[in-house]
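**Student:** First the structure, which I've put down as structure tokens, then a few questions once you've had a look.
FYI, it's all coordinate maths here, none of it is from the lab. Quick caveat: nothing in here was measured; it's all calculated off a predicted structure. Neighbour counts are summed over all protein chains in view; Cβ atoms, including those assigned to glycine, are modelled from backbone coordinates with ideal geometry.
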Amino acid sequence: MKLQQLRYIVEVASCGSVTEAARRLFVSQPSVTAAVRDLEREMGITVFERTSKGMVTTTEGQTFLGYARQVLEQADLLEERYKRDTEPVPRFAVSCQHYSFAVNAFVDVIRAFDAARYEFTLREEQTHEIIEDVAHMKSELGVLYLSDANRDVIGRMLRAEELEFRPLFSCATHVFLSSSHPLAGRASVALDDLAGYPYLSYEQGDFNSFYFSEEPLSTLGRSKNIRVRDRATLFNLLIGLDGYTVCSGVISHELNGETIVAVPLDVDDRMEVGIATRRDTHLSRYGEAFVEAIRSHIPQGPPS
């Protein structure tokens with residue numbers, strides 16, 4: 001097994017295509033095909049299923065790729081440390097639910113470790129994708145929340161993937177509203193006050209159950225439901241339709257302006273926001289800086 005083979009196989013997984021991987025690697029397609037085939041034969045596994053839509057990673061392939069990425073990261077660190085003709089290339093990846101404070105923290109990390117070259121990745125994703133990314137080492141850490149409603153199920157998933165949850169802060173449940181919403185000026189709102197207004201939530205794909213929902217109280221029935229995939233769309237719909245979403249109440253006016261406000265929700269429910277990491281591992285300096293940056297964007301504690 002050679003590092004070159006690992007680089008080829010990781011690139012194929014990223015592209016989903018041998019042809020595109022070869023183009024990005026500046027090598028011939030037969031070279032990549034042979035490297036993947038020889039590595040699968042040597043390791044006695046099937047990393048990819050060959051389909052009409054391209055190369056699809058198998059379950060055992062996902063696990064193998066997680067270790068492959070770790071080996072390549074360590075090899076890169078060795079080269080950066082001991083090869084005098086190369087400059088260190090900072091690498092850091094985070095997967096998170098749709099939190100503006102996570103984006104702010106990510107910006108802070110890049111500013112703190114700015115260099116001539118770097119490879120940083122921020123993924124705002126569905127809940128199960130966050131867990132998979134960290135488990136398969138695509139991301140160093142994931143940002144998500146636990147509550148009384150989802151703690152058992154999400155906790156079981158984390159343990160099955162040999163991950164652990166580290167709390168960052170706890171907060172009362174809020175709603176995000178447009179600043180022009182009829183309820184925006186209230187000191188707090190009750191669930192009955194929101195009846196009849198469109199409810200917005202993040203779509204979770206095949207895992208669209210309330211255990212994976214980013215929004216607390218997702219089991220409650222609503223007459224008007226809208227699901228979206230990204231934060232910008234959700235906020236635009238909040239403004240355009242006088243809708244609402246249930247959230248932590250932590251918002252960045254730097255990123256989102258003054259058009260979205262957080263109002264406490266009159267329910268006995270709390271969110272515990274934290275990070276998911278691989279068990280028995282230490283965060284890199286970028287991971288540590290990211291966590292500290294999140295805390296800095298909640299200077300006096302989150303709304304409670």
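**Student:** Between residue 283 and residue 195, how high is the FRET efficiency from 1/(1 + (r/R0)^6) when r is the Cβ-Cβ distance and R₀ = 51 Å? Nearest 0.05.
**Tutor:** Once rounded, the FRET efficiency stands at 0.70.
**Student:** Out of these labelled values of P(r) over Cα pairs in 10 Å bins from 0, in percent, (1) 6, 24, 30, 22, 13, 5, 1; (2) 6, 26, 34, 23, 9, 2, 0; (3) 5, 21, 21, 13, 10, 9, 8, 7, 4, 1, which was calculated from the coordinates shown here?
**Tutor:** (1)
**Student:** Out of all DSSP beta bridges in segment 50-194, what portion is antiparallel? Express it as a percent rounded to 5.
**Tutor:** 20
**Student:** Antiparallel versus total DSSP beta bridges in the chain: what percent is that, nearest 5?
**Tutor:** Of those bridges, close to 65 percent are antiparallel.
**Student:** Pull out a ≥ b ≥ c, the square roots of the eigenvalues of the alpha-carbon gyration tensor of segment 192-239, then state rounded if a/c is under 1.5, prolate if not and a/b is larger than b/c, and oblate in the remaining case.
**Tutor:** Since a/c reaches 1.5 but b/c is at least a/b, the shape of segment 192-239 is classed as oblate.
**Student:** So what is the calculated 222 nm ellipticity per residue for the chain, using -39500 (n - 2.57) for each DSSP H run with n of 4 or more, over all residues, to the nearest 500 deg cm²/dmol?
**Tutor:** So the calculated ellipticity at 222 nm is -12500 deg cm²/dmol.
**Student:** How much length is gained if the chain between residue 89 and residue 62 is pulled fully straight, taking 0.36 nm per residue apart and subtracting their Cα-Cα distance, in nm to one decimal?
**Tutor:** Full extension of this stretch gives 7.2 nm more.
**Student:** Between residue 31 and residue 270, 0.36 nm times their residue separation minus their Cα-Cα distance comes to what?
**Tutor:** 80.6 nm
**Student:** Here is a further query. Based on the Cα coordinates of segment 217-267, what is the per residue volume of their convex hull in Å³? Before the final figure, lay out each step's value.
**Tutor:** Details: hull volume 5.0 nm³, N = 51.
Taking the convex hull of the Cα positions in segment 217-267, it is 99 Å³ per residue.
**Student:** Just check segment 35-147 against the gyration tensor rule for me: Cα atoms, a ≥ b ≥ c as the square roots of the eigenvalues, rounded for a/c under 1.5, and otherwise prolate or oblate depending on whether a/b exceeds b/c.
**Tutor:** oblate
**Student:** For the chain, with only Lys/Arg (+1) and Asp/Glu (-1) charged at the beta-carbon, what is the dipole magnitude about the Cα centre, in debye rounded to 20?
**Tutor:** Charge dipole, the chain, about its Cα centre: 680 debye, nearest 20.
**Student:** Can you tally the lysine pairs in the chain where the Cα-Cα distance is under 30 Å and the two residues are eight or more apart, or on different chains?
**Tutor:** Working: 2/53; 2/83; 2/138; 53/138; 83/138.
So the count of such lysine pairs works out to 5.
**Student:** Considering amide H positions built from the backbone, and no H for Pro or chain starts, which residues 5 or more places from residue 168, or on another chain, come under 5 Å of its amide H?
**Tutor:** Here 273, 274, 275 satisfy the definition.
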